[in-house]
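Right, one structure below, let's go through it.
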Amino acid sequence: MKPLQGKVAVVAGGTRGAGRGIAVSLGEAGATVYVTGRTVRGQHSDMARQETIEETAELVTASGGIGIAVRVDHTQEEEVKAFFERVKAEQNGQLDLLVNDIWGGDPLTHWGTPFWEQPLADGLLMQERAIRTHMITSHYAVPLMVAQKKGLIIEITDGVDYRYRGNLYYSLAKISTIHLAASMAEDLRPHGVTALALTPGFLRSEAMLDHFGVTEETWREAVKQEKHFIMSETPAYIGRAVVALATDSAVAEKTGKMVSTWGLSDEYPFTDKDGSRPHWGDYAEEQGLYR
């Protein structure tokens, strides 16, 4: 029997990148996975990407789980409310895992530009997409978990601390999700529900591969353009980190904490797709990236 067989998960923002990697890994572990997002076949979002939630759900099923794609715009409260009412009805009130990976901020991030010279509308929209959506989603998901007196909420972020991330609006979005996890953990502690924040290292997402003009098979060619890409990791790595957390009977000990793929790989026996264990933390320290 697979370790997450019979478990119900929602990956909010599972169209591509970390969300897709997480959804597929949960499928490999046997879970039923609801994959939400805005891009469906024939109706793409303004991210201008080709990946769809149907593709992710099909990959979940092909990997051994049950993938269910549901188009949800998580900025729209009524859509989120209706979605969790559907989950409650279809799964008899069961919800074991919520992964909040809603983002949509890449085209809104203006690197190398001081905040007062950036379009304010872009910065505010990033907060709408990357913070408010997580708040709405958790608001309607949590009651299902509280009723069961168990569950796990994972906020996907970037980084394990509160340092500046090179852009004010980006930093605010990523740090806010860390604090969301910490704050939810306090309210949820008496109800047996765990909340934590999880970051990947240098994520080798579909968009990043396209950015460097490489494929997953030729990704090492990109190291010529960005030397730190040598320590990049596939979306499967964070997916397997999520599975490790979801199958850990002592995961409640991590409630309110910030954890990372590389840190969890020291604790749990998972690897990336090629069997490696990229350790961004050790690499960053060796390179003096955060001094």
Next on the checklist: Looking at (1) touching a Pro at 6+ places or on another chain (Cβ under 9 Å); (2) in contact (Cβ under 8 Å) with a residue 60 or more places away in the chain, which one does Asp272 not meet, given that it meets all the others?
Outcome noted: (2)
Item to check | Tally of residues being open to solvent by less than 40 Å² (accessible area, probe 1.4 Å) and either more than 16 Å from Thr133 (Cβ to Cβ) or touching a Cys at 6+ places or on another chain (Cβ under 8 Å) (or both) across region 1-57 | outcome: 21
Next on the checklist: Condition first: basic (Lys, Arg) and surrounded by 14 or more Cβ atoms within 10 Å (Cβ to Cβ). Now tell me which residues in region 201-240 satisfy that.
Outcome noted: Arg204, Arg240
Checklist entry - Going through region 158-184 one residue at a time, which ones are open to solvent by less than 10 Å² (accessible area, probe 1.4 Å) and touching a strand residue (DSSP E or B) at 6+ places or on another chain (Cβ under 8 Å)? => result Thr177, Ile178, Ala181
Item to check | Filter result for Tyr237 (out of contact with any Leu (no Cβ under 6 Å at 6 or more places or on another chain) and without any contact (Cβ under 8 Å) to a residue 60 or more places away in the chain) | outcome: no
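With the condition kept exactly as written, say whether any residue in region 227-238 is of a type in the set (Asp, Glu), at pLDDT 95 or above and farther than 21 Å from Lys174 by Cα.
no
Condition (residue is touching a residue at least 12 places away in the same chain (Cβ under 8 Å), farther than 30 Å from Ser171 by Cβ and out of contact with any Ser or Thr (no Cβ under 6 Å at 6 or more places or on another chain)) applied to region 6-26: is it met by at least one residue? If you could, list the steps in order and put the result at the bottom.
Quick first cut of region 6-26, residues touching a residue at least 12 places away in the same chain (Cβ under 8 Å) only: 6-26.
Imposing the further condition that a residue be farther than 30 Å from Ser171 by Cβ reduces the set to 6-8.
This time we only want the ones that are out of contact with any Ser or Thr (no Cβ under 6 Å at 6 or more places or on another chain), so: 6-7.
Scanning region 6-26 turns up at least one residue that is touching a residue at least 12 places away in the same chain (Cβ under 8 Å), farther than 30 Å from Ser171 by Cβ and out of contact with any Ser or Thr (no Cβ under 6 Å at 6 or more places or on another chain).
The values are calculated or read from the model by the stated rules, or taken from the named source; none is laboratory data. All figures in this text were calculated on a predicted structure; none of them were measured in a lab. Methodologically, a virtual Cβ is constructed for each residue, glycine included, from the backbone with ideal geometry; neighbour enumeration extends over all protein chains shown. What goes into the accessible areas is simple: the full protein's heavy atoms, side chains included, and nothing from ligands, DNA or RNA. Shrake-Rupley method; radii C 1.70, N 1.55, O 1.52, S 1.80 Å.
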